[in-house]
């Protein structure tokens, strides 16, 4: 009787250990962890409590190709690259532009979309073109913290003493500040800009572009195996037109 | 120099010296101190007024006749109670965001809005600290003051508040330390404070270690220095105990 009890206890223990071991080893190879900042419509945003958008769909297709399940985590834009670099996440799709500084920390895949930095102003604003920002208006420029809009504006305008940059956690916060006249303009990517202008009356996007840039997927520098797999899968999706289909679905639908 | 020290030095140079990124921390430190100092002053003034209203009302409640003056006083007391409930019942970040986007929607001076928001927030906590101090002074002190011919205000001013202040000093210093650290949420409304400064550097360098450690040390040194000052003040106030 005693022996049977002991045996069952040992068996239970073995079972539990196997369960844990199984969990950790299986999940590592079967799940593709993606981080993003879901404040960036139409690339990533919340709909019915789910993160959807162009980046989410492309990631889903890549995961399917690799036979993995996709798991998306939403975090501050400031933290997404650090999350990939430290290995907390496998990859980042966040409308992320390839820049030399970022390339020091992560590997970028081929580019899957083009982004344009534009300037949002209020109707009747004294700012009528991008060049006005470099004049002597000493404007307050709103950006989302650590986006390329922030990096450009800081380097080109604030550091030159031509104006000040107000850095918000989210693009939507910067737009809210613009609406209540706290700042004079917002520099942000074209597609989210369209969404913001549609949602808020009295805002316009300037015709001139601030910068054109390439969106890409960021992966950990050490995990070259996964990098190759993701890069190849993405290239295939671009070649067979899937990526374009997804982009068209969100952007050119109207 | 050992390897890891060289590595740290290199990281330090990359994080702070390159592109003059230390400027974000200097600006941040300035704003953090500015907001804390002035919010602290507003907090003490608001807190003292509210505490006086609340404690005076409670102390004089027994057998007070319902005159018009008494009625006004009870309205004032009720407003103070409402203020305490609302401010202590909501998070300071939410209050700051409401101030920034709703109440002072047209103001372009973020630091000023933060000073007001944190000042009003701190005032509620300081009020209760002062009230506890005032209530802790024995009623005999008030009676003695009154029987010596002092008016109510004079009794408060010369007898009750000085004693109360000594009692509440540790709690007050505590509230000031909390306030200093609470200002770290000012970054929510695009103010560059110490924390936001670190955050910007993290976003530029993609390295979290250096900026976070340096900012933590900065807060720590500020608090240690302030605690030392309060310690000296307490020692001085104790001189009158003999």
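No lab work stands behind these numbers, since they all come straight from the coordinates. What you see is a predicted model, and the numbers here were worked out from it, not measured in a lab. Heads up, the Cβs are rebuilt from the backbone with ideal geometry, glycines too, and the neighbour counts pull from every protein chain shown.
Gyration tensor analysis over the Cα atoms of the protein assembly as shown returns equivalent ellipsoid semi-axes of 52, 32, 24 Å (largest first, whole Å).
Between the Cα long axis of helix B:161-182 and the first principal axis of chain B there is an angle of about 30°, rounded to the nearest 10. If you take every DSSP beta bridge fully contained in the protein assembly as shown, what fraction is antiparallel? Give it as a percent rounded to 5. Taking every DSSP beta bridge with both residues in the protein assembly as shown, the antiparallel ones total about 60 percent.
Normalising by residue count, chain A has a Cα convex hull of 165 Å³ per residue. In the range A:116-212, Rg over Rh equals 0.91, where Rg is the alpha-carbon radius of gyration and Rh the Kirkwood radius from pairwise Cα distances. For chain B, relative contact order (Cα pairs under 8 Å, six or more residues apart, normalised by length) works out to 31 percent. Of all the options B:99, B:156, B:66, the one that moves most in a Gaussian network model of chain B with Cα springs shorter than 10 angstrom is B:66. The simple spin-label model puts a point 7 Å past each Cα toward its Cβ; for residue B:61 and residue B:147 those points are separated by 2.6 nm. May I ask for the angle, rounded to the nearest 10°, between helix B:3-12 and the longest principal axis of chain B, with both axes built from Cα atoms and the value confined to 0 to 90°? In chain B, helix B:3-12 runs at an angle near 70 degrees to the longest axis. Distance between the modelled labels on residue B:240 and residue B:212, one decimal in nanometres: 4.7 nm (7 Å Cα→Cβ projection). In percent, rounded to a whole number, the relative contact order of chain A is 25, using alpha-carbon pairs under 8 Å and six or more apart. Percent of C-alpha pairs per 10 Å bin in chain B, short distances first: 7, 24, 27, 20, 13, 6, 3, 1. Remark: mean inter-chain Cβ contacts per residue of B:70-79 equal 0, using a 10 Å Cβ-Cβ cutoff to other protein chain atoms. With both residues required to sit in chain A, DSSP beta bridges show an antiparallel share near 60%. On the beta carbon distance between residue A:214 and residue B:5, with R0 = 45 Å, the FRET formula returns roughly 0.70.
The distance linking the range B:63-89 with the range A:167-184 is 39 Å (Cα centroid to Cα centroid, whole angstrom). Could you list the residues of the range A:162-193 with an amide nitrogen less than 19 Å from a label point located 7 Å from the Cα of residue A:134 in the Cα-to-C-beta direction? Residues passing the 19 Å test: A:162-165, A:185-188. Angle of helix B:22-59 to the longest C-alpha principal axis of chain B, folded into 0 to 90 degrees and rounded to 10: 10°.
Label-to-label distance for residue B:37 and residue A:50 is 5.4 nm, based on points extended 7 Å past Cα in the beta-carbon direction. For the range A:148-207, the relative contact order is 26 percent, taking Cα pairs closer than 8 Å that sit 6 or more residues apart in sequence and dividing their mean separation by the residue count. Over the protein assembly as shown, DSSP H runs of length four or greater, each weighted -39,500 (n - 2.57), average out per residue to a 222 nm ellipticity of -19000 deg cm²/dmol.
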